[in-house]
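Written below as C-alpha cells is the structure these notes are about.
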Amino acid sequence: MPMPIPLLSLLCLLSTLAACSLRAPAQNGAGSAPTAPPPLPREFRGAWVATVNNIDFPSRRGLGKAQLQAELDAIVARAAELRLNALVFQVRPCADAFYRSPLEPWSEWLSGTQGKAPEGDFDPLAYVIDRCHRQGLQLHAWFNPYRARHKSASKSAEAKSHVSQQAPQLVVQYGGYHWMDPGEPLAADWSLAVIQDVVKRYDVDGVHIDDYFYPYPEPKQEFPDDASYARYRNGGGKLGKADWRRQNIDTFVRRMYAVVHEAKPHVAVGISPFGIARPGVPAGIKAGVDQYAQLYADVPKWLREGWLDYLAPQLYWPIDQTAQSFPVLLSWWHGQNPKQRAIWPGLATYKMLPIGKGWRAQELTDQIGLVRAADRNSGHIHYSFASLRSDAAHVGGALRGTLYREVALPPAMGWLRVAAPKPPELRARDGQLEWTADGNSRLFAVQVRTAGGWRTLPLLGGESRSCALPDDATDAVVTAMNGAGALGRSAVVKCR
C-alpha cells in the first residue's frame, strides 16, 4: 500500500534535518570564520565485504598476489572516496581462513583449493587492515561461527586441517550444508579459539558475526543434534531441546563478548541478526522464519544483558512494505535497548540499486534519514560492498553528494573502559602538518582553517602522523580518537 502523502513529506523532512545535523555548523556571518573548529560529526558508516563464493572479494578464485592486492586497494579507495569509516570483512566463511591461521585452512575462495595458500603466502586480512587504517577506516573481522561447508559454492575437498577432518564428531550435515553442532561444547570452544587468535594477532577494530546461529530451517528436515542433546540430558540437563539450543547460542554470545574484551578491551563486538525477532513482534509484523524458535537466537536478551557493543539487525525491507515495515522495526529494536548499546541497522543497498518493485528511488536517502532521526549516535551498514561500486544517483551518487558530504567519526562506546588519548604534539612546516601521539590514539581528525573557514580533511589512522596542508591554511587542529571512540583534547597549531 502506498504511503500517505503527509507521511512521505515527513520522511523527507526528517532525512533533510538528519543530514544537516551531520554537517559542520554554518560560518558566523558572510565570509567570516569561527574562532574554533565545528564539532566533529559522528556516524558509523560501514559496508560488508563478503568473501563467501567470491561475492565481493576476490573477484574469482586463484588470483595472484598482485591482483589480490589491487582488488583490496580498490575496495579501500572506494570506501574512502564515499566517506565510509568502516569495512566489515568476512574472514571465516566456512571454518576456513582469509588470513594466515595456525588453526584452520586457507579458504578455497582465495586459491581455489581449501588449504592451499595464495601466491606468496599473501595475507588478505593483514593487508586490508593496513590499507584501511592508512585511510582512516576501521576494519571489523566477520566470522561465521558454525557453518563448515557451503552447499553450492564449495568445490574442493576439505583440507586435513579443517574441523571436519580434525574433529568430525563436531560436524553434521543439514540440507546439503555442513555445520558445526552448537550443542557440542568443543564446537563452541573451537570457534571461540579462532576468534581469540585473530583478535590477539591482528589489529582489528571489531569482531562481527551475522545471522547464522542454528541454520535456517530446511523443509521437512530436523537439525541432526539428537546425539549431543542426549549427552546433555544424560549429564543431568533438564531443559527441553528448544531451550537447550537457545542456551547454547546464549552461552556462545556471552563467552565471545568476554573473550574479545579480555584480549583487547577496545575491540567492538557486533552481531547482525535477522531483522525480525519473532513473527508478530511488534504487532502486525510478519516473517517467514521465527528467529527465536527456529534459529534459536534470543537477540533481545543479548541487548538487555549487554553481550554486544553494536547490533546491526538486517532490515532488508522497503519503507512502504507494511508487513516488514522498516521504520516500525527500527523503532522496536531501539526500544529493546536498556543498556543503550549501538544499533546500526543493516541496509539492503543491493536491493535499492535496481529500484525494483516496492523500492522508491529515494529509498536509501529516506532510510538513512530515519536512522539518523532515531539516534544521535547513528550508524548503518550496507550490504554488500558490490552495490557501492555504482555511481547511480540514488546510491553512490547520493552518498558522496549529500548523505556523506562530510567525513564522520564512528560514535563513542562509553561503556568500554579505554583511556582517552593524550593531545597530540603538533608541528607545521613547509606545507606539512606533523604530530606525535600516544598508544591509545587509533584515528586522527584534522581540521584546518583557511580563507573559506574551517574544513575537515580525510580521516587518518594506523601509523599516520602527518598530512599535507592546504596552501592557504592558517590554523590546524588535530583530535585523536581511541578504539572505543573516546576523543582526547584537541591540539592546535598556527600554520602561518
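The values are calculated or read from the model by the stated rules, or taken from the named source; none is laboratory data. Remember, predicted model here, so these are calculated numbers, not experimental data. No Cβ is skipped: glycine too gets one built from the backbone with ideal geometry, and neighbour counts run over all protein chains shown.
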- Message: Condition first: among the charged types (D, E, K, R) and farther than 26 Å from residue 138 by Cβ. Now tell me which residues in segment 432-453 satisfy that.
- Response: 449
- Of these, 18, 50, 86, which one is surrounded by 15 or more Cβ atoms within 10 Å (Cβ to Cβ), within 26 Å of the chain's Cα centre (by Cα) and modelled with pLDDT under 50? 18
- Query: Quick one: which helices (runs of 4 or more DSSP H) sit completely within segment 81-176 and have at least 1 residues that are touching a Ser or Thr at 6+ places or on another chain (Cβ under 6 Å)?
  - Reply: 108-111
- Got a sec? Which of 301, 339, 351 is within 13 Å of residue 367 (Cβ to Cβ) and not hydrophobic (A, V, I, L, M, F, W, C)? 351
- Message: Suppose the filter is closer than 20 Å to residue 60 by Cα, buried (at least 22 other Cβ atoms within 10 Å of the Cβ) and at pLDDT 95 or above; does residue 132 pass it?
- Response: no
- Restrict the check to segment 317-335 and report whether at least one residue is among the small types (Gly, Ala, Ser), out of contact with any Gly (no Cβ under 8 Å at 6 or more places or on another chain) and without any contact (Cβ under 8 Å) to a residue 60 or more places away in the chain. yes
- Item | Subset tally (residues that are within 23 Å of the chain's Cα centre (by Cα), of a type in the set (Gly, Ala, Ser) and part of a helix (DSSP H, G or I)) for segment 317-363 | 1
- Query: Among the residues of segment 289-316, which ones are assigned to a loop (DSSP other than H, G, I, E, B) and either modelled with pLDDT under 95 or closer than 30 Å to residue 265 by Cβ (or both)?
  - Reply: 296, 297, 298, 306, 307, 308, 309, 312, 313
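Rundown of residues vs (1) buried (at least 20 other Cβ atoms within 10 Å of the Cβ); (2) of a type in the set (Asp, Glu); (3) at pLDDT below 95; (4) out of contact with any strand residue (DSSP E or B) (no Cβ under 9 Å at 6 or more places or on another chain), yes/no style:
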| residue | (1), (2), (3), (4) |
| --- | --- |
| 421 | yes, no, no, no |
| 429 | no, no, yes, yes |
| 442 | yes, no, no, no |
| 445 | yes, no, no, no |
| 448 | yes, no, no, no |
| 479 | yes, no, no, no |
| 483 | yes, no, no, no |
| 486 | no, no, no, yes |
| 493 | no, no, no, no |
